[in-house]
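Input: a single structure, listed below in structure tokens.
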Amino acid sequence: MFRPDHFAAVVLFALFVSVVFGITQRETPRRMVMYGLYCFTLFVGSAIVLSWVMYLIAR
Amino acid sequence: MATPSNPPNPSKPSNKNAEAGSGFVYGPLIAGWLVPGGGHFLLRKWGRGALLAASILGMFILGIAMQGKVYANAHEILEYLALAGDLGNGLVYVFCRMFGFGADQVQVTTADYGTRFIVVAGLLNVIAAVDAHNLRTGRKS
């Protein structure tokens, strides 16, 4: 059984979804790559920010 | 003196677009739904198809490896939505049901992640199939 921790699961999720979003939502290869990177950064970045917010609220 | 170029006439579609929209245009949509990346392969977009297939199948396989739940029936609204997402995986979902892959009950946290991975893989597959349809109709290049 594959047991990733929460952050690894977020990174894997962001990677796969960003690839599909990049290919399907843009037309040229360069813009696909840029949009994929943008989505990946937003997915992972927002997860980190929300984690810190929840950590500070819980204290 | 340079001659002015003729502006494109929107009332007259170009030959390329007219050709793209002719015939049975739903083949890539159906193929893309049944097999992840299949619609793009049908249109000879090998690179895009391979990346889509790797991403969607990778997500689905990781979901199964995490002992994610594969929905067979639904009793409440969220389960209906999850079942709809699972059905988006096409033949991969059918094979999983046939061979009994996936868990019936979520018992650990990683299985909950896995369940979401399987549902999202199905939704991404639908997006990819619609993208293949748009390529076929000429709406996207």
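Every read-out reported here was derived from the displayed coordinates using simple, explicitly stated rules and does not represent laboratory data. Everything numeric here is computed off the predicted structure, so don't read it as measured data. Here Cβ is always computed from backbone atoms with ideal geometry, including for glycine, and neighbour counts include all displayed protein chains.
Here are the numbers for the structure shown:
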{"read-out": "Scope segment B:80-102; condition β-branched (Val, Ile, Thr) and closer than 13 Å to B:Ile61 by Cβ; matching residues", "value": "B:Val92"}
{"read-out": "Tabulated pairs, segment B:41-67, first more than 9 Å from chain A (Cβ to nearest Cβ), second basic (Lys, Arg) and buried (at least 20 other Cβ atoms within 10 Å of the Cβ), C-beta under 8 angstrom, 6+ apart or interchain", "value": "B:Leu43/B:Arg136"}
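Let's see how each residue does on (1) away from chain A (no Cβ under 11 Å); (2) surrounded by fewer than 20 Cβ atoms within 10 Å (Cβ to Cβ):
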{"residue": "B:Gly37", "(1), (2)": "no, no"}
{"residue": "B:Tyr71", "(1), (2)": "yes, no"}
{"residue": "B:Leu91", "(1), (2)": "yes, yes"}
{"residue": "B:Val94", "(1), (2)": "yes, yes"}
{"residue": "B:Val108", "(1), (2)": "no, yes"}
